Amino acid sequence: MYKYPEVSDIVELLKKCGGNHKAVAREMGISTTTLWRKMKKYGIANNYEYEPPNTEGRP
């Protein structure tokens with residue numbers, strides 16, 4: 001599906017961690033800066049499906 005195997009790893013971890021970049025970096029054993037660089041390199045900054053928590057009733 002992806003040209004680089006690392007892309008699918010990052011996307012899957014983003015889904016698993018609910019978009020939490022710090023948790024993804026921890027799981028991958030890299031810094032958050034390195035994660036951001038990889039996301040920028042592969043163009044996956046917003047390429048994952050994430051449903052934010054239900055905020056009904058909040059202004």
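The values are calculated or read from the model by the stated rules, or taken from the named source; none is laboratory data. This one's a predicted model, so the numbers in the text were calculated from it and none came from an experiment. Cβ sites come from the backbone with ideal geometry, for glycine too, and all protein chains shown count toward neighbours. Please note that ligands, DNA and RNA were not included when accessible areas were found on the heavy atoms of the full protein model with its side chains. Shrake-Rupley method; radii C 1.70, N 1.55, O 1.52, S 1.80 Å.
Just give me the residues in segment 16-33 being touching a residue at least 24 places away in the same chain (Cβ under 8 Å) and farther than 12 Å from Ile44 by Cα, in sequence order.
Passing the criteria: only Gly18.
Could you tell me which residue of segment 29-39 is farthest from Pro5 (Cα to Cα), considering only residues that are more than 11 Å from the chain's Cα centre (by Cα) and part of a helix (DSSP H, G or I)?
Ranking the candidates gives Thr33 first.
Scan segment 2-49 for residues that are of a type outside the set (Gly, Ala, Ser), at pLDDT 95 or above and open to solvent by 60 Å² or more (accessible area, probe 1.4 Å) and report the count.
4
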